[in-house]
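Comments concern the structure below.
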Amino acid sequence: MERKLFRSKITNKSYHARVVLQCRQKPGTFTVQGETIGAGRERICQFIPNNQIEFLTTIRSAIVTYGLLIQLTEI
């Protein structure tokens, strides 16, 4: 995940920032599939196996964004 440089106008400290949207998906509107980013044998997540890492749907209204996750790391 790409990090962006962020500088606080209040404290003048510099941070690396990462942003992720948190989504919910309506049950029964998706299928579980393997990774499609080309990770190969490299494990993407320590908890979810690569052959079950992605959800696939063709129903656009089945996904709702409900959270914005921000990680700031001071540099």
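If you go through region 1-36, how many residues are outside any strand (DSSP E or B) and of a type in the set (Ser, Thr, Tyr)? Matching residues across region 1-36 total 4.
Looking only at residues in region 42-56 that are part of a loop (DSSP other than H, G, I, E, B) and of a type outside the set (S, T, N, Q), the one that is surrounded by the most Cβ atoms within 10 Å (Cβ to Cβ) is Ile53. Counting only residues that are within 26 Å of Leu72 (Cα to Cα), touching a Ser or Thr at 6+ places or on another chain (Cβ under 8 Å) and either free of Cβ contacts under 8 Å to residues at least 40 places away in the same chain or aliphatic (A, V, I, L, M) (or both), region 18-50 holds 1 of them. Just to be sure before I move on: is Ala62 surrounded by 12 or more Cβ atoms within 10 Å (Cβ to Cβ), under 22 Å from Glu2 (Cα atoms) and either of a type in the set (A, V, I, L, M) or touching a helix residue (DSSP H, G or I) at 6+ places or on another chain (Cβ under 8 Å) (or both) in the structure I sent? Criteria not met by Ala62.
Table: residues versus (1) closer than 22 Å to Arg60 by Cβ; (2) surrounded by 10 or more Cβ atoms within 10 Å (Cβ to Cβ); (3) of a type in the set (Ser, Thr, Tyr).
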| position | (1), (2), (3) |
| --- | --- |
| Arg3 | no, yes, no |
| Ser8 | no, yes, yes |
| Thr11 | no, no, yes |
| Tyr15 | no, yes, yes |
| Arg18 | no, yes, no |
| Gln25 | yes, yes, no |
| Gly28 | yes, no, no |
| Gly34 | no, yes, no |
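Screening Ala39 against (1) surrounded by fewer than 10 Cβ atoms within 10 Å (Cβ to Cβ); (2) at pLDDT 90 or above; (3) part of a loop (DSSP other than H, G, I, E, B); (4) on the phi < 0 side of the Ramachandran plot leaves a single unmet condition, (1).
The values are calculated or read from the model by the stated rules, or taken from the named source; none is laboratory data. Computed from a predicted structure; not experimentally measured. Using ideal geometry, Cβ is built from the backbone for each residue, glycine included, and neighbour counts are taken over all protein chains shown.
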